[in-house]
Amino acid sequence: MTQKKLFGTNGVRGVINENMTVDLALRLGKAIGTVLGPGKIVVGRDARMGGEMFSRALSSGLLSTGCSVVDIGLAPTPTLQFFVSTEQPAAGVVVTASHNPPEFNGIKVIGSNGIEVSRTTENEIEACLLSETFRVASWTNIGSVYHDDRAINMHLEGIKSHVAVDEIREQKLTVVIDSGNSVGALVTPILMRDLGCKVVSLNSQIDGSFPGRPPEPSPENVKDLRRAMQSLKADLGIAHDGDADRATFVDENGSVVSGDQSFAIIASRIICRKPGSTLVTPVSSGRLIEEVVQRCGGKIDWTTVGSVDVSHRLEELGAELGGEENGGVFFPPHQSVRDGAMTSALIIEIMAKERKPLSGLVKELPTYYTTKRKIEVPREKKGQILNNLLSLTENIDRITIDGLKLIKENGWILIRPSGTEPIYRCFSEAPTQEESDRYCTEGIDLIETAINQS
Ligand code: MG
């Protein structure tokens with residue numbers, strides 16, 4: 001075990017049987033049981049390869065510390081989180097690598113409130129693992145494994161309690177759901193049928209080789225869904241990422257709605273309901289969400305980038321809504337974490353109540369153009385590159401709360417290292433696509449200069 005940090009932005013992740021090994025899962029189980037036990041620990045997994053192998057190794061580690069394991073099997077991350085927040089065990093653990101490429105898997109630790117544990121707790125788990133100071137239960141106190149199949153139903157009932165079910169049912173909308181061969185297939189199609197929709201499923205067979213499309217529901221990865229929307233004349237297209245905490249929407253014409261836009265459609269309704277409401281979002285979000293919230297007389301609370309930071313801030317402030325530009329929406333009355341199925345229910349509720357097509361809801365939003373690019377960097381130089389970027393831009397108007405946000409005359413450029421992969425991401429925003437693309441190129445050039453200097 002090298003001394004590098006195990007936990008990234010979203011738990012521990014690595015390539016299956018290379019740096020994400022069964023041995024690491026076992027020791028993580030022992031460390032998690034030592035730090036968060038004793039008591040029951042809920043374990044679940046997405047459809048990825050190695051999911052069963054890792055969850056069994058992890059469970060063995062937990063049992064050896066005297067914790068009991070409640071195994072909910074295959075489930076979206078938000079399903080496990082909802083189950084944990086309802087049942088209040090000592091903790092939860094999900095075997096998932098979310099949207100990462102198929103060869104990745106990982107482990108995410110959930111606190112007893114259903115939210116990913118804090119950085120401090122992650123550091124404690126990591127310190128315990130590295131020092132191997134595991135709690136070892138006596139032979140009479142080894143834990144047991146229980147299987148529980150209630151999580152998905154509880155999650156579905158929870159979501160439905162927050163939307164106008166009858167009004168949605170009346171509209172009899174047609175929904176195409178691309179679950180990307182993962183666990184979203186276990187929840188969202190059932191939810192939409194319960195909401196009276198005609199459901200067409202794409203990539204709904206669970207398969208960790210991801211034969212249908214890569215796990216990230218990006219515009220280029222949802223071409224089949226776009227085609228299906230056009231040929232079926234359906235009302236709403238939904239695509240989830242690997243663990244279904246996020247949803248990408250496609251309108252009735254087959255156009256992909258950006259994460260910023262779907263978040264803004266939901267935010268404009270929820271923040272406007274109560275003047276003075278607070279919305280929590282990372283610095284990577286742009287002017288669209290800022291404008292929508294201002295129009296409603298709401299307040300924005302900016303955070304560092306990472307869903308965990310948004311969740312914890314939502315709880316601290318008791319804020320009304322959270323969201324990210326990647327399509328992650330946090331609806332605290334349900335739970336303060338991203339939830340792809342809840343987000344889908346909120347969108348279809350707006351469509352049904354206002355009797356508008358999704359394209360119509362998008363048209364009402366102010367238009368800004370964004371560009372996203374990424375560049376591979378040597379893993380070991382990630383930190384040095386950021387230092388170089390900071391000294392290269394010392395005299396430019398900028399925000400350094402998380403990564404580097406350069407404020408331009410008509411927009412901005414945000415440069416950040418990925419928390420999980422050896423890449424740097426560059427986002428830009430401007431009033432025209434050309435200008436935004438130009439900003440992004442400027443950002444990529446700057447990263448290249450910083451790489452060459454390291
Ligand atoms: Mg995810």
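The numbers here are math on the coordinates, done by the rules we state, and not lab data. Fair warning: this is a prediction, and the values are worked out from it, not measured in the lab. Methodologically, a virtual Cβ is constructed for each residue, glycine included, from the backbone with ideal geometry; neighbour enumeration extends over all protein chains shown.
The Cα trace of the chain gives Rg and Dmax of 21.6, 68 Å, the first to one decimal, the second as a whole number.
As an exercise, find the ratio Rg/Rh for segment 183-335 from alpha-carbon atoms, using the Kirkwood inverse-distance average for Rh. Could you put the intermediate results ahead of the total?
Values: Rg = 16.3 Å, Rh = 16.4 Å.
Using only Cα positions, Rg/Rh for segment 183-335 is 0.99.
Hydrodynamic estimate: the Kirkwood radius of segment 277-366 over Cα pairs, inserted into Stokes-Einstein at 10 °C and 1.306 mPa s, corresponds to D of 117 µm²/s. Exceedance of the 22 Å cut-off in Cα-Cα distance is limited, within the set Lys372/Lys405; Lys274/Lys353; Lys5/Lys372; Lys233/Lys356; Lys5/Lys381, to Lys5/Lys372.
Cross-link partners for Lys40 among the lysines, with Cα-Cα distance under 20 Å and sequence neighbours closer than 8 places in the same chain left out: Lys30, Lys108. Scaled against the 2.2 N^0.38 Å expected of a compact globular protein of N residues, the Cα radius of gyration of segment 120-173 reads 2.19.
Hey, what D do you get for segment 311-454 in µm²/s if you plug the Kirkwood alpha-carbon radius into Stokes-Einstein at 25 °C and 0.890 mPa s?
The Stokes-Einstein estimate is 140 µm²/s.
Here the simple spin-label model places points 7 Å from the Cα toward Cβ, and for Glu316 and Arg398 these points are separated by 2.5 nm. For Arg373 and Asn141, a Förster radius of 45 Å and the Cβ-Cβ distance give a FRET efficiency of 0.25, rounded to the nearest 0.05. Inter-part distance, segment 98-125 to segment 394-454, computed on C-alpha centroids, equals 27 Å. By the Cα gyration tensor, segment 121-266 has an equivalent ellipsoid whose semi-axes, rounded to whole angstrom, run 37, 20, 15 from largest to smallest. Remark: relative contact order (segment 70-131) = 28 percent; criterion is Cα-Cα distance under 8 angstrom and separation of 6 or more residues. At a threshold of 8 angstrom on Cα-Cα distance, excluding pairs fewer than six apart, so keeping six or more, what relative contact order does segment 371-454 reach in percent? Computed value for segment 371-454: 37 percent relative contact order. When each of Asp166, Asp235 is scored by the number of other beta-carbon atoms lying within 10 Å, the sequence from fewest to most is Asp166, Asp235. When His162, His334 are sorted by how many other C-beta atoms sit within 10 angstrom of their C-beta, beginning with the fewest, the order is His162, His334.
The Rg/Rh ratio for segment 1-73, using Cα coordinates for both the radius of gyration and the Kirkwood hydrodynamic radius, is 0.95. Within the shell of other residues whose beta carbon sits under 15 angstrom from the beta carbon of Val145, the net charge comes to -1, with Lys and Arg scored +1 and Asp and Glu -1. Which stretch or stretches of segment 236-267 have amide N atoms under 20 Å from the point lying 7 Å from Gln230's Cα along the Cα→Cβ direction? Taking a point 7 Å out along Cα→Cβ of Gln230, the residues of segment 236-267 whose backbone N falls under 20 Å are 236-239, 248-258.
Here the peptides 173-183, 410-420, 200-210 are ranked by packing, the mean other Cβ count within 10 Å, and the order with the highest first is 173-183, 410-420, 200-210. For segment 84-174, chymotrypsin sites (Phe, Trp or Tyr not before Pro) are listed when DSSP marks them as loop and at most 13 other Cβ atoms sit within 10 Å of their Cβ; the list is Trp139. Label-to-label distance for Asn123 and Asn410 is 4.4 nm, based on points extended 7 Å past Cα in the beta-carbon direction.
Semi-axes of the equivalent ellipsoid of segment 1-158 are 21, 19, 14 Å, computed as sqrt(5λ) over the eigenvalues of the C-alpha gyration tensor in descending order.
Note on segment 179-224 and segment 6-60: Cα centroid distance 25 Å, given to the nearest whole angstrom. Amide hydrogen proximity for Lys40: with H placed 1.01 Å from N in the peptide plane, the residues at 5 or more positions away or on another chain lying under 5 Å are Ser68, Ala90. Each of Leu232, Leu314 was scored by other Cβ atoms within 10 Å of its Cβ. Arranged with the fewest first, they read Leu232, Leu314. The modelled label-to-label distance between Ser161 and Leu390, using points 7 Å beyond Cα along the C-beta direction, is 4.5 nm. Tell me the relative contact order for segment 154-308 as a rounded percent, counting alpha carbon contacts under 8 Å between residues six or more apart. Averaging sequence separation for qualifying contacts and normalising by length gives 18 percent for segment 154-308.
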